[in-house]
Amino acid sequence: MSEDNITRLQIKDKEIILIGTAHVSKASAEQVKEVIEMEQPDAVCVELDAERYQSIQDGNKWKDMDIFKVIKEKKAALLLINLAISSFQKRMAKQFGIEAGQEMIQGIESAKEAGAELVLADRNIQITFSRIWGSIGLKGKSMLLMQIIAGIFSSESISEEELEEIKQQDTINAMLQEFTDHFPRLKKPLIDERDQYLAQKIKTAPGDKVVAVLGAAHVSGIQKEIQKDHDLKQLTTKPPKSITPKIIGWAIPILIIGIIVYTFVANPAAGWQQMISWILWNGSLSAIGTIIALGHPLAILTAFIAAPFTSLNPLLSAGLFAGFIQAYFWRPTVRDFEDLSEDVFSVKGFWHNKATRILLVIVFSNLGSVLGTFAGGVDVIHLFFRNL
């Protein structure tokens with residue numbers, strides 16, 4: 001058996017064997033099978049968290065999704081990101097006839113066959129995204145969301161050279177490569193912290209011999225981090241929310257309301273102009289976003305009515321109301337959830353599937369509302385100075 005991509009470590013009395021795999025390579029899956037069969041380890045660690053493991057075990061997991069709960073908990077953007085990753089994987093699978101993550105599936109099966117304890121060694125993907133989300137600011141969040149949406153709708157083929165690069169990193173890293181080039185500090189939550197988490201889980205896995213199935217990009221980092229002790233609780237704590245966005249979130253509506261009220265007192269006609277401008281900019285752009293998402297007519301109307309008011313309350317969003325109306329009148333069926341894994345592969349599928357269309361309604365109506373807030377705010381201030 002070739003020792004390529006295999007790293008052997010001795011940590012006190014424990015032998016640790018790291019298999020640096022390519023997430024989209026058939027050969028990697030075969031190597032995982034060979035190593036586990038030959039080594040007969042006490043434990044097998046795989047680069048999965050509980051959620052991703054469950055999605056492998058239960059292909060019909062989407063059937064149980066409560067779309068109203070997703071909307072209420074404001075997780076639409078996060079779900080859209082997860083679906084984007086699935087879309088990216090599907091595109092690779094179709095183009096090259098390979099299945100992403102096959103080596104992890106093989107690691108799970110081989111662990112059972114060898115009677116080894118299976119250890120899910122990766123950090124929860126939602127924690128990772130939360131820590132990314134908390135470190136990039138408003139501009140970064142907007143750029144990330146736009147890149148994710150662009151990635152969903154991209155029909156570009158992946159070149160052989162790009163495939164080789166993808167083989168050396170995980171799907172999340174591959175999707176966000178361009179983004180991390182603009183935001184180097186993302187390397188910490190996306191790669192460095194996961195290296196630390198993986199290293200600690202591998203080091204503390206039960207038994208004297210442990211095999212770890214990992215993306216090749218993590219091996220060098222884990223070799224370094226496994227020599228240290230890491231606090232898993234700290235690595236899985238969601239970052240405290242900065243007070244700055246809250247201050248800005250409340251300062252803008254207070255400023256807008258203050259300007260309009262002052263103008264009304266000084267010049268009622270100009271005050272009415274400001275109010276109409278605020279309503280039209282916010283309502284129209286949010287409604288246009290909902291139209292782009294092919295929302296239900298009542299969802300479009302809801303976005304138009306809600307946006308001017310939700311823009312003045314940081315705790316609410318136009319997408320929240322438009323999404324609920326969309327879900328109520330065009331409620332997804334079990335068939336829609338069953339078809340998600342296929343529909344996320346194409347632009348047509350994203351718009352056709354009632355579940356993903358709800359997510360698009362939420363995201364696009366919110367984006368429209370944000371644009372409307374800036375455009376409406378600028379016009380309100382312009383009218384204020386013009387009539388001062």
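The values are calculated or read from the model by the stated rules, or taken from the named source; none is laboratory data. The model shown is predicted, which means the values in this text are computed figures rather than measured ones. Here the Cβ positions follow ideal geometry from the backbone for every residue, glycine too, while neighbour counts run over all protein chains shown. In case anyone asks, the SASA skips ligands and DNA or RNA and just uses the protein heavy atoms, side chains included. Shrake-Rupley method; radii C 1.70, N 1.55, O 1.52, S 1.80 Å.
The accessible surface of the stretch 222-296, taken with every protein chain in place and a 1.4 Å probe, is 72 percent carbon and sulfur.
Inter-label distance, Arg331 to Gln234: 4.8 nm, where each label sits 7 Å from its Cα along the C-beta direction. Computed over neighbours whose Cβ is under 9 Å from that of Asp208, the net charge equals -1, Lys and Arg +1, Asp and Glu -1.
Using a simple spin-label model with pseudo-atoms 7 Å out from Cα toward Cβ, Gln227 and Phe309 lie 6.2 nm apart. Rounded to the nearest Å, what's the spacing between the alpha carbon centres of the stretch 261-301 and the stretch 360-388? Just the number, please. So the separation of the two Cα centres works out to 8 Å. In a fully extended conformation the segment linking Gln57 and Lys12 would gain 12.8 nm over its present Cα-Cα distance, using 0.36 nm per residue.
Between Lys33 and Glu113, the simple label model (points 7 Å from Cα in the Cβ direction) yields a spacing of 0.6 nm.
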